[in-house]
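Chemist: Below is the structure I would like to discuss, written out as structure tokens.
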Amino acid sequence: MEVIQKLERRREVRGRVTLMKKGLLDFHDIKANILDRIHELLGRGVSLQLISATSPNPGPIGEVAYLEKWVSTISSLTTPATDVEFSITFDWDETMGVPGAFIIKNHHHSQFYLKTLTIEHIPGHGPVKFLCNSWVYPVHRYAYDRVFFANKAYLPCETPEPLRRFREQELIVLRGKGFGRLKEWDRVYDYACYNDLGSPDNGPNSARPVLGGGSQFPYPRRGRTGRPHTKTDPKTESRLPLLCVKKIYVPRDEQFGHVKFSDFLAYAVKSVSQVMLPEITSLCDKTFNEFDTFEDVLRIYKGCIKLPSDSLVKKLRELVPYELVRELIRNDGERFLKFPLPDVIKESKRAWRTDEEFAREMLAGVNPVIIQRLQDFPPVSKLDPNAYGDQTSSIRATDIENSLDGLTINEAIQEKKLFILDHHDALMPYISRINSTNTKTYASRTLLFLQDDGTLKPLAIELSLPHPQGEQHGAVSKVFVPAKEGSAASVWQLAKAYVAVNDSGYHQLVSHWLHSHAVIEPFVIATHRQLSILHPIYKLLKPHFKDTMHINALARHLLISAGGVLEKTVFPGKFSMEMSAFTYKSWVFPDQALPADLLKRGMAVQDSSYPHGLKLVIEDYPYAVDGLEIWEAIETWVTEYCNFYYTSSEMVEEDDELQNWWKEIRNEGHGDLKDRPWWGEMKTREELIQSCTIIIWLASAFHAAVNFGQYPYAGYLPNRPTVSRRFMPELGTPEYEELKSNPDLAFLKTITAQFQTLLGVSLIEILSRHSTEEVYLGQSENTEWTLDVEPLKAFDRFSEKLMEIESNITKRNKDERLKNRNGPVKVPYTLLYPNTSDHSKEGGLTGKGIPNSISI
């Protein structure tokens, strides 16, 4: 009788599994496909077992079921890698209720990317959807069962009892053992210091200090790989050969998808060709590795074949099956084997040299996050006077008082009209060492005045060097003021170039790398180690972590390592990363919130009568105006989302996973700063909302603001040179005579050399491109990312708000009264244009769009 009852309770439940087989970029791995078919024919298939979320019985695991018709269903061996759908039939006992998870075992030869499992109908419940998006390796690679959960969010205390142990076991797996070399199939998220930047076995010039783990060079943590240490230095991790990009350990699910990696390689191939062609041409030039005129610079963008952009070519391009090839033959008007013309010189080849544009880019360029309001005159230093002497600015009242539209200096300060771009303190401790190399540069301060039309006017530039008798004796400085004619005007242009060099290096190493890429990685690691995939905060943050660990690993391998591209193209050279560690000492997590940052820099004052509760000191500050709208939209979305799951602050405090997450971020991920008083305790909903808002802001909008404008503004390197090779010419020297007779040549001899220019431009072209699979803020890769209706509605409102902001930005850019929106170069400010409404998947050098995550 009992057997009959069991049989009566059993139902055949149909399901569909969507997956993608292992491939190489866009191409199928033919060998793996053949071997998998052989395994299938030998009865070694892919099995699944459903796990109940509601059964009161112990061990609520269903019968084993297999994917059906693998051999006949699997796609062509030669077509591009695509999704394949399989049927599966489960025997499901009705008393087990609703499945909330499943176990999958891959008995094939090779791995596949599991996307979804959809159960068409559970009696009494309806369909059940599992969003998996994970690589599943053959079963012998794991010492545990691969478990996937339905897309329903649960706080730890709300987890259905049958799922609780699976939830806990999965987190234990993801944390790993803390030792040993990690393999590609390992799914371990763990921490390590930046001890992988140098290669001391290749000699002392290739050695670099370990960043993180001490007070001298504090740094955020990176993902651990477990590679062996070098023979010369037991503290330094060995490095892989340069071309072994695919062998760098990053958890497999954190690596680029095949489309993104194809895009990335296409950009790299294109950039190498664009570097080599001018270099080969320069072999016949009278001045090897030098630009002799600005026309020489323009030649790297001119000539060659302009790829057609008509609709017919676009349709033909869409027929090309492979992403790598499609990206090499873009039809957006770019020239084949030539750099695209940067936006900053599209309308005018000389507007970038104006004082107005020089100042405007501090508000609407690629690094609009440094300028601050001047509150003391002369500007003061925060450097330790015992180590660096008196570093007070040498700019005097007589240098600027005649340029303040009739105001005194005190009146201009009181009326909030004086501003400063201050790179003095960040650079001065390193200037002597930097100048011991081929670089010759200064630490700079630039004073500016806010005019009645809302634009900034440069007043003076101070260029400083350490005292020749030692740093402890202070600085030796020279002050330069604007000039329109003669050699004084040429000197002023050079002074602005030294400022641009400072700003370019600081932007790349601090604003871009440290303050977005590096500081976010510990949050990525901690989220996977401490928050279950079932946790609502995991679901909130996960889209904003896509590809970040992989792009950071590639950066350590190719860019920021000893002799890497960044060391070769920015002025601090081999001191670059060490200098960013010096800056990390003053990093404050709560100050990364945009409103807090604006208040700290004096660029806004609190005023409840204004939107966002802030009154901007410069009303036409494009980064801040657009940014505050984005910030408020993110904050509103996060607030609605968190309040749905946490109805009180007590629930935040009692959430063990959340508390462990925050504790680990503070003590491990950012452990060098763990004793700072500004860390919150994560005891209230307000703290949770603020922290999540900051994380999403940094990973999306902030990174977009400091990254995707690189090519539009710095693709023409005279506008933002990255290196200066000689000091300001002194009166009576041959260099000064050259400056008088040929100021353009003197300028070009001072800034970045030709090969460094080409290398730098090729790098920022890659960094500035959007991938064709970009997911923008307010978009989701899957509309069924949660089963909870209210969060889905809140996300829809968030998307609608972002599209409203798109309209606002477009209107502001057309308002001729807002002169900082376009400037003399006529480049509209679109770096914080969300692009939520764009589903074209075109990508490219658009100069707009806020991706969900730091993925380039």
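The values are calculated or read from the model by the stated rules, or taken from the named source; none is laboratory data. In this text, all values refer to a predicted model and were calculated from it rather than measured experimentally. Using ideal geometry, Cβ is built from the backbone for each residue, glycine included, and neighbour counts are taken over all protein chains shown. Only protein heavy atoms, including side chains, enter the accessible area calculation; ligands, DNA and RNA are left aside. Shrake-Rupley method; radii C 1.70, N 1.55, O 1.52, S 1.80 Å.
Chemist: Which angle from 0 to 90°, rounded to the nearest 10, does the C-alpha axis of helix 161-175 make with the longest principal axis of the chain?
Modeler: For helix 161-175, the angle is close to 40 degrees.
Chemist: Just grab the label-to-label distance for VAL380 and SER741, each label 7 Å out from Cα along the Cβ direction, in nm (one decimal).
Modeler: So the two model labels end up 4.9 nm from each other.
Chemist: Output the pairs from LYS115/LYS841; LYS177/LYS235; LYS382/LYS478; LYS478/LYS600; LYS129/LYS247; LYS247/LYS585 with a Cα-Cα distance over 23 Å in this structure; if there are none, say none.
Modeler: Beyond 23 Å: LYS478/LYS600; LYS129/LYS247; LYS247/LYS585.
Chemist: Would you work out what percent of the accessible area of the chain, with all protein chains in place, is carbon or sulfur (probe 1.4 Å)?
Modeler: On the chain, the fraction of accessible area on carbon and sulfur atoms equals 53 percent.
Chemist: Net charge near ARG812: determine it from the other residues with C-beta under 14 Å of the C-beta of ARG812, scoring Lys and Arg +1 and Asp and Glu -1.
Modeler: -2
Chemist: Using a 10 Å cut-off on Cβ atoms, rank the peptides 90-96, 415-421, 178-184 from the highest mean neighbour count down.
Modeler: 415-421, 90-96, 178-184
Chemist: Using the Cα centre as the reference, give the magnitude of the dipole from point charges on the C-beta atoms of the chain (Lys, Arg: +1; Asp, Glu: -1; all else neutral), rounded to the nearest 20 debye.
Modeler: 2320
Chemist: Would you mind getting me the FRET efficiency between GLU784 and CYS157? Use the beta-carbon distance for r and R0 = 22 Å, nearest 0.05.
Modeler: My answer for the efficiency is 0.30.
Chemist: Between ARG350 and ILE172, what's the calculated FRET efficiency when r is the beta-carbon distance and R0 is 51 Å? Round to 0.05.
Modeler: FRET efficiency, ARG350 to ILE172: 0.25.
Chemist: Then there's this: With labels modelled as points extended 7 Å from the Cα through the Cβ direction, what inter-label distance (nm, one decimal) is found for ASN808 paired with THR232?
Modeler: Going by the 7 Å Cα→Cβ label model, 5.4 nm.
Chemist: Net charge near LYS539, counting Lys/Arg +1 and Asp/Glu -1 over other residues with Cβ under 11 Å of its Cβ?
Modeler: +1
Chemist: Next question. Summing Lys, Arg as +1 and Asp, Glu as -1, what charge do residues with Cβ under 10 Å from the Cβ of GLU63 carry, GLU63 excluded?
Modeler: Value of the local net charge: -1.
Chemist: R0 = 25 Å: FRET efficiency of LYS585 with ASN667, Cβ-based, nearest 0.05?
Modeler: It comes out at approximately 0.90.
Chemist: If you don't mind, another one. With runs of 4+ DSSP H residues as the only contributors, calculate the mean residue ellipticity of the chain at 222 nm using -39,500 (n - 2.57) per run, divided by the residue total and rounded to the nearest 500.
Modeler: -10500 deg cm²/dmol
Chemist: Here is a further query. Considering only protein heavy atoms, what per residue accessible area in square angstrom results for the chain with a 1.4 angstrom probe?
Modeler: I get 40 Å² per residue for the chain.
Chemist: Report the extension gain between ARG16 and LYS129 in nm, rounded to one decimal, defined as 0.36 nm multiplied by the number of residues separating them, less their alpha carbon distance.
Modeler: Gain on stretching ARG16 to LYS129: 39.7 nm.
Chemist: Let me check the size of the stretch 10-170 from its C-alpha atoms; what are the radius of gyration and Dmax in Å?
Modeler: Rg, Dmax (Cα atoms, Å): 16.1, 49.
Chemist: On to the next question. Could you order peptides 843-850, 680-687, 509-516, 654-661 by the average number of other Cβ atoms within 10 Å of their residues, highest first?
Modeler: Going from most to least packed, we get 509-516, 843-850, 654-661, 680-687.
Chemist: To the nearest 10 degrees, how steeply does helix 622-645 sit against the main Cα axis of the chain, on a 0 to 90 scale?
Modeler: Approximately 20 degrees, to the nearest ten.
Chemist: On to the next question. If you fit an axis through the alpha-carbon atoms of helix 789-814 and take the longest principal axis of the Cα set of the chain, what angle between them do you get, 0 to 90°, nearest 10?
Modeler: Rounded to the nearest ten degrees, it is 20.
Chemist: In addition: Using 7 Å Cα-to-Cβ label points, what is the LEU42/PHE179 separation (nm, one decimal)?
Modeler: 3.6
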